[in-house]
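Here's the structure, in structure tokens; my notes come after.
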Amino acid sequence: MQKLMLVFLIIFLSSCADKEEEKELKCSINKDEFCIKDNIKYSLKNRPIRFMQESILFIEGLKNYDNLNIRIYGLNMDMGVLKAQAVKKDKIYEVEFLLNFCFVKDMRYRIELFNGEKSLKKYIDFDMKR
């Protein structure tokens, strides 16, 4: 009886876990030519993003920020936080970054926008497969 209760407890706890990273993304900058979220357009040069290869992210539709930067972090595994500074060229911000290799087969990342140390509460997620 105790073993059966333990099995039910494990099933219940696993079903209560946050499944956000398992949902299909409506738009992924790794697959789609561009994505628009919160009136901000995101696109990539050298799409798709590959581990250990430089990528350039383009961000359009933002007002002027003195210190725009991004933070990239994993949602389904703690890979640390990658910080990269944005450079404004005309009305488009450009950010160069490089992702470290990950051993997780399906990894979901988030790119969050910051002005200095303050989050703009704007982000976009993307998936990568090993």
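General observations
- Segment N115-F97, length gained on full extension (0.36 nm per residue, minus Cα span): 4.8 nm
- ³J(HN,Hα) computed for each position of segment 29-42 - Karplus, 6.51 cos²θ - 1.76 cosθ + 1.60, integer Hz, glycine/proline x: 5, 7, 10, 8, 4, 7, 9, 10, 9, 6, 6, 10, 9, 10
- Local electrostatic count at E54 - Lys and Arg +1, Asp and Glu -1, tallied over other residues with Cβ under 14 Å: +1
- Greater than 21 Å apart at Cα, pairs in K23/K105; K31/K63; K91/K129; K41/K91: K31/K63; K91/K129
- Label positions at E33 and K83, each projected 7 Å from the Cα along the C-beta direction, are separated by 3.6 nm.
- Computed from backbone phi with θ = phi - 60° and the Karplus coefficients 6.51, -1.76 and 1.60, the 3J(HN,Hα) list for segment 109-119 is 10, 10, 9, 10, 8, 9, 10, x, 9, 9, 5 Hz; x is used for glycine and proline.
Read-outs throughout are calculated quantities, based only on the coordinates presented, and are distinct from any laboratory measurement. Computed from a predicted structure; not experimentally measured. We place every Cβ from the backbone using ideal geometry, glycine too, and count neighbours over all the protein chains shown.
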